[in-house]
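A short worksheet on the structure shown next.
The values are calculated or read from the model by the stated rules, or taken from the named source; none is laboratory data. The shown structure was predicted, so the numbers you read here are calculated from the model rather than taken from an experiment. All Cβ positions, even for glycine, are placed from backbone atoms using ideal geometry, and neighbour counts span all protein chains on display. Accessible surface areas use protein heavy atoms only, side chains included; no ligands, DNA or RNA. Shrake-Rupley method; radii C 1.70, N 1.55, O 1.52, S 1.80 Å.
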Amino acid sequence: MKLETKAKSLTGKLTIPGDKSISHRSIMFGAISHGQTKVNRILRAEDVTATIRAFQSLGVKIDDKDGIIYIQGQGFEGLKPANKPLDMGNSGTSMRLMSGILAGLEFETKLIGDASLSRRPMDRVADPLKLMGAKISGQGEACLPPLKIQGGHLQAINYQLPVASAQVKSALIFAALQTKSNQVSEIVEKELTRNHTEEMLQQFGGELTVSGKRIRIRGGQKLEGQEITVPGDISSAAFWIVAALIIPGSNVELQNVGINVTRTGILDVVTAMGGKVEIYNQTAIAATLKICYSTLKSTRISGDLIPRLIDELPIIALLATQAEGETVIADAEELRIKETDRISVVSDILKAMGAEVTPTADGMRIRGKTNLHAPHKVIDTHGDHRIGMMTAIAALLVQEGEVVLEGSQAIKTSYPTFFDDLKGLLGTNKEEGQWQ
């Protein structure tokens with residue numbers, strides 16, 4: 001598709017779609033709890049749909065009425081064998097977290113995914129689950145999908161995560177819940193990662209203790225259905241935050257942005273770079289952000305900041321091209337095993353558009369400020385939704401020529417209304433009255 005270019009400014013108010021991580025977990029916790037769970041403002045995207053369909057295949061009744069999701073949970077014991085493989089589509093979150101749930105169930109399940117997901121290693125979650133007693137097989141040493149999981153009779157684990165991964169941590173929490181009630185598992189993180197699973201477990205009546213990077217959780221717990229309201233996804237908001245900061249004359253208000261401290265690393269980076277972001281109307285889980293065009297300076301992004309913004313690094317790389325000086329992204333080798341090798345793909349795209357980017361083993365070095373131009377080739381998302389959205393924002397800076405994106409449908413994985421929202425902020429889609 002041909003992307004929008006020559007943006008004069010972005011202005012208006014936008015309500016951010018529901019957080020993808022929390023949407024996944026609300027379905028999962030609802031399915032393994034007892035009684036009804038009601039989920040408001042769930043993200044209606046392909047990844048979340050894959051999770052819903054998987055639990056329906058496992059015998060869970062899930063209804064969508066008047067925009068609200070109702071889940072009739074019957075505990076772990078209410079999950080039944082599926083009569084076909086569970087298709088996780090492009091969702092690594094679905095596959096890894098579901099592995100933890102299925103590890104405790106005394107039947108075999110096969111998990112499959114699309115071409116992109118089938119290239120993503122699952123050994124990091126399979127290995128500790130095997131230590132707990134599950135039988136898991138995949139393709140090769142990296143345990144690539146498809147996966148076969150034969151669960152049941154799990155034992156507590158004392159495990160130190162070799163990588164900073166909220167997905168692996170969450171899978172182990174789900175598995176630990178299925179050990180016997182007199183057993184306690186201990187999970188130690190490499191770095192603090194998003195804590196949605198820990199918070200939601202407690203919301204559903206579960207218990208765990210967290211001390212720094214150390215999590216202790218007892219088996220045999222019974223969870224009760226709850227009502228969940230999903231805050232907006234800061235990973236989706238990140239694209240508009242960056243767009244407003246780098247396009248002259250922009251003034252954007254983003255409503256319902258999730259502000260969990262384990263996810264707000266991008267706001268710390270923006271502040272360090274001199275970006276103008278105001279936070280107000282703040283509640284326990286969400287806030288309104290107001291962002292204006294800013295003169296930016298370079299910064300260093302590394303260490304324990306990385307897990308708090310790992311999904312935002314592609315769009316942060318674009319932000320760095322518009323900042324004076326050299327920005328360094330380090331300790332982010334996790335980017336190489338996302339939907340694509342995001343270090344290589346982001347570097348290639350930005351360099352093709354005239355940016356000075358040097359990829360490294362664990363990140364990038366980016367020198368700005370750079371005037372971006374149209375690339376001499378079609379840009380391919382490689383099936384990665386965040387690559388597609390980053391390219392669409394980068395194209396807004398191009399003043400001459402066309403930017404053509406192949407594989408734009410990948411964006412529907414996490415943000416189905418992205419292009420409608422972009423048109424709204426550009427002032428070209430006001431017919432529904434959403435824009436002010």
Cα-based reach from Lys297 at 16 Å (exclusive), listing aspartates and glutamates while leaving out same-chain residues under 8 positions away
Asp268, Glu324, Glu326, Glu356
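Quick check: net charge around Pro128, other residues with Cβ under 15 Å of its Cβ, Lys/Arg +1 and Asp/Glu -1?
Numbers: positive: Arg96, Arg124, Lys130, Lys135, Lys169, Lys190; negative: Asp123, Asp127, Glu186, Glu189.
Surrounding charge for Pro128 is +2.
Assuming a viscosity of 0.890 mPa s and a temperature of 25 °C, what translational diffusion coefficient in µm² per second does Stokes-Einstein assign to the chain, Rh being the Kirkwood radius over Cα pairs? Don't skip to the end; give the middle numbers.
Values: Rh = 22.1 Å.
Value of D from the Cα-based Kirkwood radius: 111 µm²/s.
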Across 10 Å bins from the origin, how do the percents of Cα pairs in the stretch 46-125 run, short distances first?
18, 50, 28, 4
Sorted by chain and number, the residues with a modelled amide H under 5 Å from that of Tyr159, at a separation of 5 or more or across chains, are Glu186, Ile187, Val188
Note: the stretch 177-325 at 20 °C, 1.002 mPa s; Kirkwood Rh on alpha carbon pairs; Stokes-Einstein D in µm²/s works out to 125
Give the separation of the Cα centroids, the stretch 266-307 to the stretch 184-204, in Å.
25
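When all alpha-carbon pairs of the stretch 252-401 are counted, what percent fall beyond 21 Å? Present the calculation step by step, with values, prior to reporting the outcome.
Numbers: 4920 of 11175 pairs.
Here the tail beyond 21 Å accounts for 44 percent of pairs.
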Helix 166-176 versus the longest principal axis of the chain: what is the Cα-based angle in degrees, 0 to 90, to the nearest 10?
10
Report, ordered by chain and residue number, the aspartates and glutamates lying within cross-link reach of Lys2, taken as a straight Cα distance under 17 Å and ignoring same-chain residues fewer than 8 apart.
Asp380, Glu400, Glu402, Glu406, Asp420, Asp421
Top mean-square fluctuation among Gly258, Gly212, Gly368, Gaussian network model of the chain, C-alpha springs under 10 Å?
Gly212
Largest first, how would Thr5, Thr229 line up by accessible area (1.4 Å probe)?
Thr229, Thr5
The stretch 262-392, accessible area per residue, ligands and nucleic acids excluded (1.4 Å, Å²)
37
Past the 18 Å Cα-Cα mark, which pairs from Lys110/Lys338; Lys8/Lys423; Lys38/Lys84?
Lys110/Lys338; Lys38/Lys84
Value of relative contact order over the chain, rounded to a whole percent, pairs C-alpha under 8 Å and six or more apart:
18
To one decimal place, what Kirkwood hydrodynamic radius in Å is obtained for the stretch 235-312 from all pairs of distinct Cα atoms?
12.7
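For the stretch 19-87, rounded, prolate or oblate, judged on the Cα gyration tensor with a ≥ b ≥ c (square roots of eigenvalues), a/c < 1.5 rounded, else prolate if a/b > b/c?
Details: a/c = 1.78, a/b = 1.24, b/c = 1.44.
Because a/c hits 1.5 or more and a/b fails to exceed b/c, the stretch 19-87 counts as oblate.
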Tilt of helix 234-246 relative to the longest C-alpha principal axis of the chain, in degrees (0 to 90, nearest 10)?
10
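If I compute solvent accessible area with a 1.4 Å probe over the protein chains, what percent of it on the chain is carbon and sulfur?
Values: 7610 of 16830 Å².
Accessible surface attributable to carbon and sulfur in the chain totals 45 percent.
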With θ set to phi - 60° and the Karplus curve 6.51 cos²θ - 1.76 cosθ + 1.60, what are the ³J(HN,Hα) couplings of the stretch 181-186 in order, to the nearest whole Hz, using x for Gly and Pro?
5, 8, 10, 10, 9, 10
Straight distance only, please: which aspartates and glutamates reach the Cα of Lys130 with their own Cα at less than 18 Å, same-chain residues fewer than 8 apart left out?
Glu106, Glu108, Glu141, Glu186
Highest GNM mean-square fluctuation among Gln255, Gln74, Gln399, for the chain with Cα springs under 10 Å, belongs to Gln399
Below 8 Å, C-alpha to C-alpha, sequence gap of six or more: please give me the relative contact order for the stretch 103-156 in percent.
50
Across the stretch 335-342, in residue order, what do the Karplus-derived ³J(HN,Hα) couplings come to in whole Hz, using 6.51 cos²θ - 1.76 cosθ + 1.60 with θ = phi - 60° and x for Gly and Pro?
4, 6, 10, 7, 4, 9, 6, 5
Of Lys276/Lys377; Lys65/Lys276; Lys13/Lys190; Lys61/Lys222, which sit over 29 Å apart, Cα to Cα?
Lys276/Lys377; Lys65/Lys276; Lys13/Lys190
Measure nothing but the geometry: give the 0 to 90° angle between the long axis through the Cα atoms of 385-395 and the longest principal axis through the Cα atoms of the chain, rounded to 10°.
10
Which far-off residues, 5 or more places away or on another chain, put their amide H under 5 Å from the one on Arg44, with H placed in the peptide plane?
Gly18
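Could you provide, to the nearest whole Å², the per residue accessible area of the stretch 1-120 with probe 1.4 Å? Intermediate results must be reported in sequence, preceding the final value.
Numbers: 4520 Å² over 120 residues.
Dividing the accessible area of the stretch 1-120 by its residue count gives 38 Å².
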Which residue fluctuates the most in the chain, going by a Gaussian network model with Cα springs under 10 Å, if the choices are Val357, Val210, Val125?
Val210
Taking amide H positions as placed in the peptide plane 1.01 Å from N, state which residues far from His373 in sequence (5 or more) or on other chains have amide H under 5 Å from it.
Gly354
